[in-house]
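Worksheet for the structure shown next.
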Amino acid sequence: MFRELLHRQMKILLKEEASTVEGMAEGEKETFPDPTDRATIETDRNFTLRIRDRERRLITKIKEALDRLEGGEFGICESCGQPISKERLIARPVTTLCIDCKTEAEEKEKLAH
């Protein structure tokens, strides 16, 4: 179940990545004499690149989750060693922390800032 879910997510992300690269290659050929048009295009491009960077990091997490599946460590909290709930894994299959440990980590992070 989770293997299929992770592979499906990976396939979608890789397809998006390919279309972005293709679209940017085509966009390089365009010229915009109006500085405002050029600025708008650059802003859109930067936004797209930030999204793709987040997706690239998610691809890495998906690969790591697949490795955990293969190694029999998938669904085990790396902090406390307890099983991660099925509901949490369905919502976020790349997670490495149970909800209690994740909540605790977020609280510590909040206090540090």
Could you give me the residue pairs with C-beta distances under 7 Å whose first residue belongs to region 13-24 and is under 13 Å from I51 (Cα atoms) and part of a helix (DSSP H, G or I), whose second residue is at pLDDT 80 or above and charged (D, E, K, R) wherever it lies, and which are 6+ apart or on separate chains?
L13/E55; E16/E55; E17/R52; E17/E55; T20/R52
Tell me, which residue of region 24-48 that is exposed (fewer than 12 other Cβ atoms within 10 Å of the Cβ) and either under 30 Å from P93 (Cα atoms) or at pLDDT 85 or above (or both) is nearest to the chain's Cα centre (by Cα)?
F47
Does A105 qualify as being modelled with pLDDT under 90 and of a type in the set (A, V, I, L, M, F, W, C)?
no
How many residues are open to solvent by 70 Å² or more (accessible area, probe 1.4 Å), among the small types (G, A, S) and within 18 Å of the chain's Cα centre (by Cα) if we restrict to region 57-113?
1
Can you spot a residue in region 25-37 that is polar (S, T, N, Q) and more than 28 Å from F2 (Cβ to Cβ)?
yes
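The values are calculated or read from the model by the stated rules, or taken from the named source; none is laboratory data. Since we're looking at a predicted model, the values are computed, not measured. Here the Cβ is made from the backbone with ideal geometry for all residues, glycine too, and neighbour counts use every protein chain on show. Quick note on the areas: whole protein, heavy atoms, side chains included, nothing else; ligands and nucleic acids left out. Shrake-Rupley method; radii C 1.70, N 1.55, O 1.52, S 1.80 Å.
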